[in-house]
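See structure below.
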Amino acid sequence: MTQAASGSAIFSKQAWDKVGRGLRLSRRERDILHGMFDGLTESAIATRLRISLHTVHTHVERLHHKLGVTHQVVLALRVVAEFLKLAGAPGSGVPAICARRTAGRCPLQRKRTVRGSRPS
């Protein structure tokens, strides 16, 4: 039986650390998020982390409150949005997700000209 790729692997450890700092998450909150991104139930997260189901549930509730979300999908989107914000910031240390952007060839980064003006 082959093991499915982990969803939390979408980000590097460095990116998870920076996202966690940006969202002001504790190490345990990041561990819980890893489990959520891996598609685990709260029970499976508890087993993985060797903590009680009640503790996992409490952390999930606190994550919802801390990030101002009401649904697990919106929580995941909030984390991804933080990653994208960091990936787009010069000097953040989080690598861009697009090789074209890294090489300076991203069409979305080109300066747009205002009608009637010349590009700078």
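The values are calculated or read from the model by the stated rules, or taken from the named source; none is laboratory data. Quick caveat, the model's predicted, so the values are computed rather than measured. Here the Cβ positions follow ideal geometry from the backbone for every residue, glycine too, while neighbour counts run over all protein chains shown.
Things worth noting here:
- In region 13-48, the qualifying residues are those that are assigned to a helix (DSSP H, G or I) and in contact (Cβ under 8 Å) with a residue 40 or more places away in the chain, and the one that is surrounded by the fewest Cβ atoms within 10 Å (Cβ to Cβ) is 14.
- Residue in region 82-92 that is at pLDDT 90 or above, under 25 Å from residue 40 (Cα atoms), within 13 Å of the chain's Cα centre (by Cα) and surrounded by fewer than 18 Cβ atoms within 10 Å (Cβ to Cβ) present: no
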